[in-house]
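The structure appears right after this line, and notes come after that.
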Amino acid sequence: MFGFLEQNVSGRRCVWVNGPVVVGAGPSGLAVSACLREQGIPFVVVERADCIASLWQKRTYDRLKLHLPKKFCHLPKLPFPEEYPEYPNRKQFITYLENYAEKFGIKPQFNESVESAKYDEKCGVWRVKTVSTLPSSIRSETEYICQMLVVATGENAEGIVPEIEGLQDFSGEVIHVKDYKSGEKYNGKKVLVVGCGNSGMEVSLDLSNHNAKPSMVVRSSVHVLPREIFGKSTFDLAMTLMKWLPLWLVDKLLLILAFLILGNTQRYGIKRPSLGPLQLKNHHGKTPVLDIGALEKIRSGDIKVVAGIKRFHRGSVELVNGEILDIDSVVLATGYRSNVPYWLQENELFGKDGFPKRHFPNGWKGKRGLYAAGFTRRGLAGASADAIKISQNIANVWKEELNQKKKKVPTHRRCISTLF
Ligand SMILES: Cc1cc2nc3c(=O)[nH]c(=O)nc-3n(C[C@H](O)[C@H](O)[C@H](O)COP(=O)(O)OP(=O)(O)OC[C@H]3O[C@@H](n4cnc5c(N)ncnc54)[C@H](O)[C@@H]3O)c2cc1C
Ligand SMILES: NC(=O)c1ccc[n+]([C@@H]2O[C@H](COP(=O)([O-])OP(=O)(O)OC[C@H]3O[C@@H](n4cnc5c(N)ncnc54)[C@H](OP(=O)(O)O)[C@@H]3O)[C@@H](O)[C@H]2O)c1
């Protein structure tokens, strides 16, 4: 995979990579790598953490399960084992991914964070600079030089910590949900969970199951749907209906069924958005909550739904409706963001929000050998779809290049030899 390796005058390692560099060893990076391996194309995967799937291994809570049935979540070329349940848990998913990496011989360069990637017009190559993330190491830097770059750093690369008045003066513990593991240590504590997406709902449920007293902030509106309808996955049902019916009608049917099963969520302080759940997801990327028990706890009063936050005080929070709650801890389930704008110096494929400007299914390919895997807002199924298209495209380019190389020495090779 490494063409050649040299040390330049600044002490930075320079590595010429035959084939693409894949940034990120999460499910998307692994899926692209597996498909490239099948095509016989060499590649290098660079990962900032010390393991594959770091989101799943280090930044998710213990009780997490895939919220869609396993048939929608496996990566290309390897279904989940038969004995796995319909909704694999976090540990099972990690084991599956570890086996996946092993099966396809994927060995990422761990502990290397990509700090910048830029296309060198003169030489016709991408220059991808990484720094070591090892805590005790001296700051070592590497520059990978490649013709193709696959961005697979994820939609959820960084936790969003909102600026809320007085939060820095709050005397209790404040964590982002990415650092929440279990409700065990919150036994008997009054915990404010900020946010009511899938994370906020599940963490509130987990806290309640561990005898904590969660209050969940719902500042706007959210669609809550049952995970299953009459024993069939709601997602599966929606996919089936969408083959025959327009999106708005599927939305109407889902909302009627949700009403029959869950009742009127507004009665518990959870207002529904005016746009239906699938339309909202399509147009604004906002994921509906698939309920796995939080609503029952809200109904019983074990989880309290509260209004938006005005400001924090030392041991309490003041809400926009004037209510003041005494609290011990805060969990910010306030979402995630892509980190692409911080390191990729490019503005054609990716927008300022770190997502491709063109929406699914057209956002996977840019110019000059640049690709985006896993930015479709369609979870693992979207990552797999991207991986198949990207690897096929790279394979075509690769084969064409090989034929040309047989005829002449390419310009970029001549250019590279003068770089160091
Ligand atoms: C709590 C939670 C639960 C979820 N549950 C589901 C679910 O049930 N089903 C579903 O389909 N989706 C789910 N998702 C969405 C989930 O993000 C994706 O399914 C999946 O993890 C996406 O894979 P990915 O490889 O694109 O991104 P990630 O899993 O985020 O992997 C990206 C990798 O890139 C690395 N990286 C980031 N920046 C750099 C850098 N600068 N340099 C080097 N490496 C870098 C990261 O360390 C990480 O390992 C969930 C998300 C969260 C937060
Ligand atoms: N497998 C699973 O079961 C599972 C579990 C967890 C997460 N996930 C997935 O992971 C992704 C991220 O989900 P997420 O729930 O972490 O994030 P999210 O869907 O982006 O939700 C963030 C929540 O925080 C709220 N919020 C943000 N800033 C706020 C503030 N200042 N005050 C009050 N509320 C604030 C938002 O409210 P507004 O809507 O008003 O902005 C929203 O309710 C999603 O794709 C989700 O499906 C899956």
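The numbers here are math on the coordinates, done by the rules we state, and not lab data. Because the structure is predicted, anything quoted here is derived from the model rather than measured. Because the Cβ atoms are built from the backbone with ideal geometry, glycine has one as well, and the counts that use them run over all protein chains shown.
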Quick one: of the DSSP bridges fully inside region 1-124, what percent are antiparallel, nearest 5?
60 percent
The chain: most fluctuating residue of Gly188, Gly26, Gly200 per GNM, C-alpha cutoff 10 Å
Gly188
quick shape note, region 78-119: Cα extents on principal axes in Å, largest first -> 45, 20, 20
Considering amide H positions built from the backbone, and no H for Pro or chain starts, which residues 5 or more places from Val125, or on another chain, come under 5 Å of its amide H?
Asp120
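So in the chain, what percent of DSSP beta bridges are antiparallel if you round to the nearest 5? Present the calculation step by step, with values, prior to reporting the outcome.
On the way: 32 of 67 bridges.
Of those bridges, close to 50 percent are antiparallel.
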The whole-number value in µm²/s of the Stokes-Einstein translational diffusion coefficient for region 252-374, with Rh from the Kirkwood sum over alpha carbon pairs at 25 °C and 0.890 mPa s, is 133 µm²/s
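Percent of Cα-Cα pairs more than 11 Å apart in region 14-54, please. Working shown, then result.
Working: 504 of 820 pairs.
That fraction is 61 percent.
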Computed over the chain, the relative contact order (Cα-Cα under 8 Å, seq sep at least six) in percent reads 21 percent
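Once you compute Rg and the Kirkwood Rh from C-alpha atoms, what is the Rg to Rh ratio for region 80-148?
1.17
Ratio of region 230-296's C-alpha Rg to 2.2 N^0.38 Å, to two decimals? Write out the running numbers ahead of the final one.
Details: Rg = 12.0 Å, N = 67, 2.2 N^0.38 = 10.9 Å.
Ratio of Rg to 2.2 N^0.38 Å for region 230-296: 1.10.
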Which cross-chain or sequence-distant (5 or more) residues have an amide H under 5 Å from the amide H of Leu370, H modelled 1.01 Å from N in plane?
Leu149
Return one quarter of the surface area of the convex hull spanned by the alpha-carbon atoms of the chain, equal to its mean projected area, in nm².
22.7 nm²
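Let me check I have the definition right: for region 9-81, take the eigenvalues of the Cα gyration tensor, multiply each by 5, take square roots. What are those semi-axes in whole Å, largest first? Each step should come with its number before you reach the end.
Numbers: eigenvalues 164, 71, 8 Å².
In descending order the semi-axes read 29, 19, 6 Å.
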Inter-part distance where region 261-334 and region 335-387 are each reduced to a Cα centre, Å
29 Å
What translational diffusion coefficient, to the nearest whole µm²/s, does region 306-411 have by Stokes-Einstein, given a Kirkwood radius computed over alpha-carbon pairs, a temperature of 4 °C and 1.567 mPa s viscosity?
72 µm²/s
Going 7 Å from the Cα of Lys271 toward and past its Cβ, which residues in region 305-325 have a backbone nitrogen under 16 Å from where you end up?
305-310, 320-322
Mind listing P(r) for region 100-234? All alpha-carbon pairs, 10 Å bins, whole percents.
9, 23, 24, 23, 17, 4, 0
Among Ser215, Ser274, Ser33: highest mean-square fluctuation, GNM of the chain, C-alpha pairs under 10 Å:
Ser274
Can you bin region 150-192 into rounded, prolate or oblate? Criterion: square roots of the alpha carbon gyration tensor eigenvalues sorted a ≥ b ≥ c, rounded for a/c under 1.5, prolate for a/b above b/c, oblate for the rest.
oblate
Using helices alone, what [θ] at 222 nm do you get for the chain, with -39,500 (n - 2.57) per DSSP H run of 4 or more residues, divided over all residues and rounded to the nearest 500?
-9000 deg cm²/dmol
Over the chain, with a Gaussian network built from C-alpha contacts below 10 Å, which listed residue (Ile164, Ile94, Ile298) shows the highest mean-square fluctuation?
Ile164
